[in-house]
Amino acid sequence: MTTIQNESSVEEILASLGIEQDNPGAFAGTWLETKGEPIVSINPTTGEPLASVRSATADDYEKIAATSVEAFEAWRRWPAPRRGEVVRQLAMELRNHKEALGRLITLEMGKILSEGLGEVQEMIDMADLAVGMSRQLYGLSMHSERPEHRMYEQWHPLGPVGIITAFNFPVAVWAWNSTVAAVCGDSMIWKPSAKIPLCALAVTKIAERVLAANDAPPIFNLAIGDRHAVGQPMTADPRIPLISATGSVTMGKSIGKVLADRLGRAILELGGNNGIVVTDDADLDLAFRAVLFAAVGTAGQRCTTTRRLFLQKGIAREMKRRLVAAYGSIRIGDPLDPDTLMGPLVDGGAVDDMMAALDTVREQGGQVLYGGHRVDRPGYFVEPTLVEATPHMPITCEETFAPILYIFEFEELDEAIEVHNSVPQGLSSAIFTTNVLSAERFLSPWGSDCGIANVNIGTSGAEIGGAFGGEKETGGGREAGSDSWKAYMRRQTCTINYGSELPLAQGVEFDI
Ligand code: UN1
């Protein structure tokens, strides 16, 4: 039995979340007797198996879709604040399980425990926000141009939503979608990454209990399976009006094509290639700390990870010196150990991809300032890596999901912004400056072209209150806070005549 930090054993964590050694990976109000291929969940820290999950087949998908349709038909009749009450209870249950769930995320995905716990907190925050939203799904009212007429917009539940999530935020991105979809009156099918099946099981079991306690229809459904059994049928399914997908640009493009063909709706949150600009007048201590977290945190596996750093000439040497020293002292190791700052990558494929990207870096003339190697220990560990790069290196326009930071130097801010915006992705961005004009230039319509633009904070670690998403190849979708809920509902414009005449709009006459 592996014991973690004198706390609970792996077995205890799994048991406390209702996970067995072999589990069905399909839930449609009840756990289905899945017959699909087993998926073995591997602990990336040790390379050892944690437990296995039987994946959903195409037949299982069909049951899950039918259940979701039925659940939607009942759930949409519940008043939105009552739906919010169910989400409030979900938030309470997540609080009760925060520690175990945070540990499971760390065990299965490899992010450090503080980030694992932070991810559960992100779910809780999201659920709390959605509870409030359940009383604020406001429509506008308009003044009609016609006498004795009234116009307004109302928002109705949309239908079952397909939620496709990536491995790097195994549960928070589900919460961004599911808590909002639930208060909006939608049911849903969750297709998580097959790299983190246990996190998805644990959360679905918690949601199952909350639904049962409220006698609510089975709105939170789960289909762990590959793209043939689940992803493709779900994306092509006309019963599913909206697919919200997080993942690679390649995945987003193929989903987008299928949805366009059936005129289905998409919320896409795809690749990022996020940059931080540091000007000569910046508070360097602040910038340095922010870059470290944003580039090395989660071992570079956030879609918001800083991958490009633009340093103005006057501070470039000093900043590089500090970063090289700091990268050398990053504590790499067991992510459950509170002293660790960087855990493993998610699997061996991620390590290979990083090493291949670094080969390309060298071929294209980039200079590795620090790191660049695997770490010699079991599991999937790498060194955080600093690369001196030039804007002409094509590899710097690609997202490699690993802790590689490309450093560029610039003279004028306009030049930095131009290079910053020259990549295909447009998720998150930041500037470090104490000059209000530079900050406003970065935030202006001709400044950063990203969905997120920050001043004196890094590119990652967004709060849930804002709308989250990005432009260009990042896909244009928005999730989480603000008015993102509108994507999960259908808008209806209503005009009511309370008079006895029938005046036509635009002054049109049509009398017999
Ligand atoms: C992601 O990596 O897909 O802003 C989501 C952040 C987190 C969410 C990242 N709140 O870094």
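Restricted to segment 42-56, and to residues there that are under 16 Å from Ala223 (Cα atoms) and buried (at least 22 other Cβ atoms within 10 Å of the Cβ), the residue that is farthest from the chain's Cα centre (by Cα) is Arg54.
Do we find that Ala439 is touching a residue at least 60 places away in the same chain (Cβ under 8 Å) and buried (at least 16 other Cβ atoms within 10 Å of the Cβ) in this structure? When the stated conditions are applied, Ala439 does not pass them. In segment 428-468, of all residues being near the ligand (Cβ under 10 Å from one of its atoms) and in a strand (DSSP E or B), the one that is nearest to Ala416 (Cα to Cα) corresponds to Ser428. Going through (1) within 16 Å of Val387 (Cβ to Cβ); (2) surrounded by fewer than 24 Cβ atoms within 10 Å (Cβ to Cβ); (3) in contact with a Lys or Arg (Cβ under 9 Å, 6 or more places away or on another chain) one by one, Gly275 falls short only on (2).
Entry remark, segment 147-200: residues being among the aliphatic types (A, V, I, L, M), within 15 Å of Met123 (Cβ to Cβ) and in a helix (DSSP H, G or I) number 8 in total. The one condition from (1) exposed (fewer than 15 other Cβ atoms within 10 Å of the Cβ); (2) within 28 Å of Ile219 (Cβ to Cβ) that Gly481 does not meet is (1). The test for being surrounded by 20 or more Cβ atoms within 10 Å (Cβ to Cβ) and either in the same structural domain as Gly447 (by TED's automatic domain parsing) or touching a Phe, Trp or Tyr at 6+ places or on another chain (Cβ under 6 Å) (or both) does not hold for Ala326.
Taken over segment 469-481, the criterion of being within 14 Å of the ligand (Cβ to nearest atom) and either assigned to a loop (DSSP other than H, G, I, E, B) or without any contact (Cβ under 8 Å) to a residue 40 or more places away in the chain (or both) is satisfied by Gly469, Gly470, Thr474, Gly475, Gly477, Arg478, Gly481.
Candidates in segment 405-463 are the residues that are more than 24 Å from the chain's Cα centre (by Cα) and of a type in the set (D, E, K, R); of these, the one that is nearest to Val361 (Cα to Cα) is Glu409.
To keep it simple, each residue is scored yes or no on (1) in contact with a Lys or Arg (Cβ under 8 Å, 6 or more places away or on another chain); (2) of a type in the set (S, T, N, Q); (3) farther than 25 Å from Tyr380 by Cβ.
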| position | (1), (2), (3) |
| --- | --- |
| Leu17 | yes, no, no |
| Glu48 | no, no, no |
| Ala74 | no, no, yes |
| Arg83 | no, no, yes |
| Leu94 | no, no, yes |
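Scanning segment 48-64 for residues that are part of a helix (DSSP H, G or I) and of a type outside the set (Gly, Ala, Ser) yields Asp59, Asp60, Tyr61, Glu62, Lys63, Ile64.
Taken over segment 171-198, residues that are within 14 Å of the ligand (Cβ to nearest atom) and more than 19 Å from Met234 (Cβ to Cβ) amount to 3. Of the set (1) surrounded by 15 or more Cβ atoms within 10 Å (Cβ to Cβ); (2) closer than 17 Å to Gly116 by Cα; (3) in contact with a helix residue (DSSP H, G or I) (Cβ under 7 Å, 6 or more places away or on another chain), all apply to Arg302 but (3). Take Ala207 and decide whether it is closer than 24 Å to Val161 by Cα, part of a helix (DSSP H, G or I), out of contact with any Leu (no Cβ under 9 Å at 6 or more places or on another chain) and away from the ligand (no atom under 15 Å from the Cβ). No: the conditions fail for Ala207.
Among residues of segment 253-272 being among the charged types (D, E, K, R) and buried (at least 16 other Cβ atoms within 10 Å of the Cβ), the one that is farthest from the ligand (Cβ to nearest atom) is Arg265.
Give Gly348, Gly366, Gly343, Gly371 a once-over and let me know the one that is over 28 Å from Glu409 (Cα atoms) and surrounded by 19 or more Cβ atoms within 10 Å (Cβ to Cβ). The unique qualifying residue is Gly343.
Taken as a whole, the structure leaves Leu129 outside the set of residues that are closer than 26 Å to Thr235 by Cα, buried (at least 18 other Cβ atoms within 10 Å of the Cβ) and among the hydrophobic types (A, V, I, L, M, F, W, C).
The values are calculated or read from the model by the stated rules, or taken from the named source; none is laboratory data. Since the structure is predicted, the reported quantities are computational estimates derived from the model, not experimental observations. Cβ: placed from backbone, ideal geometry, glycine included. Neighbour counts: every protein chain shown.
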